[in-house]
1. Tell me the residue from THR408, THR458 that is in a loop (DSSP other than H, G, I, E, B) and closer than 15 Å to ASP512 by Cα, please.
2. For segment 538-587, how many residues are acidic (Asp, Glu), over 21 Å from ALA374 (Cα atoms) and surrounded by fewer than 18 Cβ atoms within 10 Å (Cβ to Cβ)?
3. Need the failing condition index for ILE428 against (1) out of contact with any Leu (no Cβ under 9 Å at 6 or more places or on another chain); (2) surrounded by fewer than 24 Cβ atoms within 10 Å (Cβ to Cβ), just the number.
4. Quick check: anything in segment 537-555 at pLDDT 95 or above and assigned to a strand (DSSP E or B)?
5. Could you tell me which of the residues PRO325, PRO345 is part of a loop (DSSP other than H, G, I, E, B), without any contact (Cβ under 8 Å) to a residue 60 or more places away in the chain, of a type outside the set (A, V, I, L, M) and over 22 Å from LYS618 (Cβ atoms)?
6. So, of the residues in segment 288-309 that are closer than 26 Å to ALA168 by Cα and assigned to a helix (DSSP H, G or I), which turns out to be nearest to the chain's Cα centre (by Cα)?
7. What strands (runs of 3 or more DSSP E), lying completely within segment 1-106, carry at least 3 residues that are more than 22 Å from GLU270 (Cα to Cα) and open to solvent by 40 Å² or more (accessible area, probe 1.4 Å)?
8. For segment 517-536: of the residues being in contact with a strand residue (DSSP E or B) (Cβ under 7 Å, 6 or more places away or on another chain) and more than 14 Å from ILE464 (Cβ to Cβ), which is modelled with the highest pLDDT?
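The values are calculated or read from the model by the stated rules, or taken from the named source; none is laboratory data. Note that the structure is predicted; figures quoted are calculated from it, not measured. Ideal geometry is used to build each Cβ from the backbone, glycine not excepted, and the neighbour counts take in all protein chains shown. Accessible surface areas use protein heavy atoms only, side chains included; no ligands, DNA or RNA. Shrake-Rupley method; radii C 1.70, N 1.55, O 1.52, S 1.80 Å.
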Amino acid sequence: MSDDALVIFTPSGKRGRVAKGTPVLAAARALGVDLDSVCGGRGICSKCQVAPGYGEFPKHGLHVGEDALSPINAVEARYDRIRGLKEGRRLGCQACIQGDIVIDVPPESQVHRQVIRKSASERVMEMDPATRTLFIEVPEPSMHEPKGDFERLSEALAAQFGLTGLQAGLPVLAQLQKVLRKGHWQISAAVNEAGNGTPPRLVAVYPGLREAALYGLAIDLGSTTIAGHLVALDDGRVLASSGLMNPQIRFGEDLMSRVSYAMMNEGGAEEMTRAVQEAMGSLAETLATEAGVERGDIVEAVVVCNPVMHHLLLGIDPVELGQAPFALATNEALDLHAADIGLAPLAPGARAYILPLIAGHVGADCAAVALCEAPEAREDLSLIVDVGTNAEILLGNKERVLACSSPTGPAFEGAQISSGQRAAPGAIERIEIDPATKEPRFRIIGNDFWSDDPAFGTPTITGICGSGIIEAVAEMRIAGILDPSGLIGSAEQVGTARCCATGRTHEYVIHDASPDGPRITVTQGDIRAIQLAKSALYAGARLLMDEMGVDKVDRVVLAGAFGAHISPKHAMVLGMIPDVPLEAVTSAGNAAGTGARMALCSRKSRRAIEAQVQRIVKIETAIEPRFQEHFVAANAIPHATAPFEELAKVVTLPDVGFNAGGAPEGGGRRRRRG
């Protein structure tokens, strides 16, 4: 029997073998994993809490047995008894690794916690919310009229506001009598009128005249992050924005890994549903606290998400989404009780609206982007790219709108990158490399200065996040450190000692503070991970262009956290997007979140996207032969087949090519591309 065990930490993706009996905290420190602890490993502070995963992990080729960690010891039992541990959590300083294991480090246990970059963009909202407050006087009960309080309220609403068929759930009914009497039979009733043929619903009741606004939540439930905005329903203003890591990451960083987990582990889907619903409730609580709003005044939520997240949120097994023909349980918009998806406690009858899905791998988040950007209303041809762990792409104009999804994986998020991390203070997010000296300069999150500026100081530099690794690869190509195939040259080939040999390949050193600090490099493996991600993205876009019968688009819109933090030049150098004038590349910020806010604020927007989704044509990348052709061609940097006229206007790419023998190919010359 082996004396060591494989440990894989999520969300960082860092892994390694450690001796059996090693505490999780010690293993994390040995592998450079961001796990907090301030009590010296005595089990007092609880900052090193981790969530171990058990069962089958097909992506990692791993089975994790129930005995992969040591049993709960007396220190953990005492802490749980006195202060309480969340279900499934362990103290990293006490739990010891006994076998191969996957361990998730939750956000609150990370020293450098992620900066959720999906902030709300400024946008004037058309206000027609589904829930409004109606001031009503209800007749008092009488010994001669045996009607209940709810029935008399319903009659009053019908008489004074024309609302018929009012419905109310038990949580609202339980409060009604007390509120009626406190308000001396005058109350403000929060009524949800979805406007889709469903009867009006009583969401909450307040004594007397309520003049304050009601509030709603707009939530973008992503594979990696969950971002939410608390919105006032009188004028659409955003009172608070926050986010957290999706706790399902410990079951798999990409969607298919989570589907596989559900398929291979009995109860796996229910486990992931429970995790994400708890996270949704926690996010709602955080937003209410940040804004100073009573949770009982939050009457509605709108949620957008991809199809796998959609099914898992609703408690639907996603297994059918893991195999052709990728059938959805339902693709229509849903109007639910908010508590049914973990959003509690809000107003007792709070509702949740989930936008419609476009197809098996193109979800409500893409529908929200379509609502936000409205390509069907434009004459010019727009390519809209929402990049995340799963990229969703729209191409269209007034004539036609197409959509597809492309499995980019977590590399753009900084995961599965040797020095990668999530976006957090200390992470490199911008980088430039001098083409002559090959020397880098960079900026980190939390510092407004470049590293070569004296004002930069001596901050803690922790790693490189998604935007940083994308710019690093593009800058390495511009500086001649990479050839078009993505091969990193040696120190002799490139002319800098920053290119170091690592076995049969090389790596480029961005920052070296060893032995006491981090050594941040871009390895050949990192380059390949980015190539695979960007090739999938580019191939999806080219496939839509083929279907549309065009070689060029008029404009490119970059949506999501990626779109707000990557320069168009670097995206084009890397070959993530088709060749267009740089001024034609714009950022839409968190377009999915904006679309969710639009649907929250306006019933008209809901009806519009429900109709538009029926008109969008889905292209399935999994069965299109040309997708593989485009994917292979896109492995080159920028790519091997498309024109480079626009790129050539802003940057000249070197012609250098490297070979495995250590000498430049053809005397260092290659056919120019751009």
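1. Going through THR408, THR458 in turn, the sole match is THR458.
2. Final tally of qualifying residues: 2.
3. That leaves (2) as the condition not met.
4. Yes; the residues of segment 537-555 include at least one that is at pLDDT 95 or above and assigned to a strand (DSSP E or B).
5. Step by step, each of PRO325, PRO345 is checked, and only PRO345 is part of a loop (DSSP other than H, G, I, E, B), without any contact (Cβ under 8 Å) to a residue 60 or more places away in the chain, of a type outside the set (A, V, I, L, M) and over 22 Å from LYS618 (Cβ atoms).
6. ALA288
7. Counting at least 3 such residues, we get 15-19.
8. Residue satisfying both the conditions and the ranking: GLN524.
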